[in-house]
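A quick write-up on the structure given underneath.
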Amino acid sequence: SLHGYSRADRVADQMRIEVASILTREVEDPRIGFVTVTGVSLSADLSLARIHVTTSRGSLTKPAMEGLRHSTGFVRSALASRLKLKRVPAIIFLPDTDTEKANTVLSLLDQIRSS
């Protein structure tokens, strides 16, 4: 059952997948490098999305964060064409300080790649 799984949760999940794809395939900023989108926190009214990111090296450099901030407009307009929403949320990239969660995500990715 989907009790407790709100529309915001569904949109956040979809955004996490799409932003990861956009950053990997479409954003060509050498400062960013390989980033993993670990989660998206969406405000209840869907107006703001906090996009949590990390790297395989564990910490995001200042230039990488600048590159992400610089790509915000591009990522948001790319999302507009992929998400079926009237209004695409404003987005903010934030370093994922929860490294334990990040490491779990990375080890799951490794398991997927090696299977």
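The values are calculated or read from the model by the stated rules, or taken from the named source; none is laboratory data. Since we're looking at a predicted model, the values are computed, not measured. For neighbour counting, all protein chains shown are included, and Cβ atoms are generated from backbone atoms with ideal geometry for every residue, glycine included. Only protein heavy atoms, including side chains, enter the accessible area calculation; ligands, DNA and RNA are left aside. Shrake-Rupley method; radii C 1.70, N 1.55, O 1.52, S 1.80 Å.
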The number of residues in segment 21-72 that are crowded, with 17+ Cβ neighbours inside 10 Å and closer than 10 Å to ASP96 by Cα is 10
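From the list VAL37, VAL27, which one is in contact with a helix residue (DSSP H, G or I) (Cβ under 6 Å, 6 or more places away or on another chain), closer than 26 Å to ASP110 by Cα, of a type in the set (Val, Ile, Thr) and without any contact (Cβ under 8 Å) to a residue 24 or more places away in the chain? Give the derivation first.
Details: VAL27 fails: without any contact (Cβ under 8 Å) to a residue 24 or more places away in the chain.
Result: VAL37 is the single residue among VAL37, VAL27 that is in contact with a helix residue (DSSP H, G or I) (Cβ under 6 Å, 6 or more places away or on another chain), closer than 26 Å to ASP110 by Cα, of a type in the set (Val, Ile, Thr) and without any contact (Cβ under 8 Å) to a residue 24 or more places away in the chain.
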I'm checking my understanding of the structure. Among residues of segment 1-33 that are closer than 14 Å to GLU66 by Cα and not aliphatic (A, V, I, L, M), which one is nearest to the chain's Cα centre (by Cα)? GLY33
Filter result (without any contact (Cβ under 8 Å) to a residue 60 or more places away in the chain and buried (at least 19 other Cβ atoms within 10 Å of the Cβ)) within segment 1-15: ALA12
Matching residues, segment 73-97, being within 17 Å of ASP45 (Cα to Cα), out of contact with any strand residue (DSSP E or B) (no Cβ under 9 Å at 6 or more places or on another chain) and open to solvent by less than 20 Å² (accessible area, probe 1.4 Å): LEU83
May I ask you to list the residues in segment 43-93 that are farther than 14 Å from ASP13 by Cα, in contact (Cβ under 8 Å) with a residue 24 or more places away in the chain and assigned to a helix (DSSP H, G or I)? PRO63, ALA64, MET65, GLU66, GLY67, LEU68, ARG69, HIS70, SER71, PHE74, VAL75, ALA78
